[in-house]
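Okay, so here's the structure we're looking at.
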Amino acid sequence: MKNFKKWMALAGATLMITGAIAGCQKPKETEASATTTAATTPVETEDTTPATEPETSAIPEYDGYDLLWNDEFDTAEVDMDTWNFELREPGWTNNELQEYTESSENIFIRDGALVLKALATPTDDGGTYYTSGKVTTQNKQDFMYGKVVVSAKVPEGQGLWPAIWMMPTDESYYGQWPKCGEIDIMEVLGNQTDIAYSTIHYGEPHGEQQGFLKLENGSYADDFHEFSVEWEPGEMRFYIDGNLINTVNDWFSAVEGEDDKPYPAPFNQTFFVQMNLAVGGNWPGNPDETTDFSKAEFMIDFVRVYQKPEYDTNVTKPVKDFREALPDGNMIYNGDFAEVEDLTDDINWKFLLFNGGEGSAEIVDGTIVIKSQNEGTEDYSVQLVQPELAMIKGNSYRITFEAKASEERDMIVCISAPTNGWIRYFEDTLMALSTDWETYEFEFDMTDKDDNNGRLEFNMGKRGSIADISIRNVRVEVVE
């Protein structure tokens, strides 16, 4: 939710694919956080079917957890013993447009739900002034490790950006963001409300790991859905409506150029919960004439935080598992498209559509053919990717493939870092395609930290054409 360029070309997380300014707090060593044997992962037994209206019911229990604190928002006013109203000027982060206020028009309780409402007010110079609400539990309900469960319904509309996330209580110990760490339990873009994201941020350099769940029917704006994270000393697990969408256990905190802080930094300190409805910004873009601010309400039915009686803090960072190249040295699996594979799973090739992109991909006779019906609004709106490429610092790599189009057009090729802030190991490269097969070859040097999840991307969206593209004989190999 912080100040960085987000790329929705997301592969690398689970299911459908697959920040905070400031620093972090010194861990508080308590009896509950001393080295012990952790309980087993809880089994969720509650009915997670979303309801169209928030309902008051018995607070569910989870095996191995005790309820630490909760707010069911069943009072007339916001509980100020639990929540703060955070005030911020427009443009404070991410180039967002809203002012966060303490006005009862932006933050209020209605029908048993907390409502964060964005408002658009015309200005004398013909512009628009936006206000909205943000609440936090900083210095009131801070905790280290636990299970956070939030039921929420998001608004729909271009430029709206609701989020449920966590930041460290003391934003100074490990250094400025992203060194301090950030836990995003839920983010949804108002123009694409059928996808919800869960992410962690850390570094430096900035690393992130993200999972998402795309609904097959409906959207997160239609009903209340349950978003949760199980945060333990060496692992985090993110869920949406009881579905595990991402598990992360490999992170770090460091000053760039220096050794990493002892694992599991930066996520070994107290954090707090915050929720907000942003307007505009780098990721969602700004509102337009289609955005209906009469319905710009982020509704939260409840927030519940559970904690185990004890946690095993004697954890070690997992050793990275690097996928081996094939016997011929090719790091791309099924690069000759000899196998007609499932292009929707997370094995080898994956075809993705985002932000208005429409199309299909099919493997035929050793060639993959991408047909577009709508180019979408981003380069990555129509995208073919293969992740899990071993990018080793100091190595040189060669990319080769053959491609053509049904009529002259172009596409963008790169090798990105889905779990390292979406930096490019091989920069976005625009290449013109003709109607004849041509061979393309590129070389680059790997100068960043070792990464076991480099990703080859063919980006075919927003290129001014929906002509078919054919690709074959794809190779990525180390140059000796």
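The values are calculated or read from the model by the stated rules, or taken from the named source; none is laboratory data. In this text, all values refer to a predicted model and were calculated from it rather than measured experimentally. Quick reminder, even Gly has a Cβ in these numbers, built from the backbone with ideal geometry, and neighbours come from all protein chains shown.
The figures follow:
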quantity: Failed item, numbered, when Thr447 is tested on (1) in a strand (DSSP E or B); (2) within 30 Å of Lys179 (Cβ to Cβ); calculated: (1)
quantity: Qualifying residue in region 414-437 (condition: surrounded by 15 or more Cβ atoms within 10 Å (Cβ to Cβ), part of a strand (DSSP E or B), over 25 Å from the mean Cα position of the chain (by Cα) and of a type outside the set (Val, Ile, Thr)); calculated: yes
quantity: Members of region 240-259 that are surrounded by fewer than 21 Cβ atoms within 10 Å (Cβ to Cβ) and not in a loop (DSSP other than H, G, I, E, B); calculated: Asn243, Leu244, Thr247
quantity: Within region 124-140, considering residues that are surrounded by fewer than 19 Cβ atoms within 10 Å (Cβ to Cβ) and modelled with pLDDT of 95 or more, the one farthest from Ile183 (Cα to Cα); calculated: Thr128
quantity: Test set (1) part of a strand (DSSP E or B); (2) under 25 Å from the mean Cα position of the chain (by Cα); (3) crowded, with 23+ Cβ neighbours inside 10 Å - Tyr380 fails condition number; calculated: (1)
quantity: Check on Trp177, closer than 19 Å to His201 by Cα, under 23 Å from the mean Cα position of the chain (by Cα) and not in a strand (DSSP E or B); calculated: yes
quantity: Count - residues of region 383-411 that are touching a Gly at 6+ places or on another chain (Cβ under 7 Å) and either among the acidic types (Asp, Glu) or surrounded by fewer than 17 Cβ atoms within 10 Å (Cβ to Cβ) (or both); calculated: 0
quantity: Some residue of region 325-342 being under 23 Å from the mean Cα position of the chain (by Cα) and part of a loop (DSSP other than H, G, I, E, B); calculated: no
quantity: Failed condition for Phe293, given (1) closer than 21 Å to Val135 by Cβ; (2) touching a Lys or Arg at 6+ places or on another chain (Cβ under 6 Å); calculated: (2)
quantity: Subset of region 349-377 that is within 24 Å of the chain's Cα centre (by Cα) and surrounded by fewer than 17 Cβ atoms within 10 Å (Cβ to Cβ) - its residue that is modelled with the highest pLDDT; calculated: Glu358
quantity: Where a residue in region 99-120 is among the hydroxyl-bearing types (Ser, Thr, Tyr) and its partner, wherever it lies, is at pLDDT below 95 and surrounded by fewer than 17 Cβ atoms within 10 Å (Cβ to Cβ), with Cβ under 6 Å and at least six apart; calculated: none
quantity: Which listed residue is buried (at least 20 other Cβ atoms within 10 Å of the Cβ) and either over 16 Å from the mean Cα position of the chain (by Cα) or not assigned by TED's automatic domain parsing to the domain that holds Phe354 (or both), from Pro262, Pro287; calculated: Pro287
quantity: Filter pass, Met80 being out of contact with any strand residue (DSSP E or B) (no Cβ under 6 Å at 6 or more places or on another chain), crowded, with 20+ Cβ neighbours inside 10 Å and hydrophobic (A, V, I, L, M, F, W, C); calculated: no
quantity: Test: residue in region 65-73 that is more than 25 Å from the chain's Cα centre (by Cα), modelled with pLDDT of 95 or more, of a type in the set (A, V, I, L, M, F, W, C) and in a loop (DSSP other than H, G, I, E, B); calculated: yes
quantity: Qualifying residue in region 300-319 (condition: more than 30 Å from Asp451 (Cβ to Cβ), among the charged types (D, E, K, R) and assigned to a loop (DSSP other than H, G, I, E, B)); calculated: yes
quantity: In region 249-277, residue farthest from Ile185 (Cα to Cα) [restricted to those that are hydrophobic (A, V, I, L, M, F, W, C) and at pLDDT 95 or above]; calculated: Ala265
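Yes or no, residue by residue, for (1) surrounded by fewer than 24 Cβ atoms within 10 Å (Cβ to Cβ); (2) of a type outside the set (S, T, N, Q):
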| position | (1), (2) |
| --- | --- |
| Phe143 | yes, yes |
| Ala152 | no, yes |
| Gln158 | yes, no |
| Trp161 | no, yes |
| Tyr173 | yes, yes |
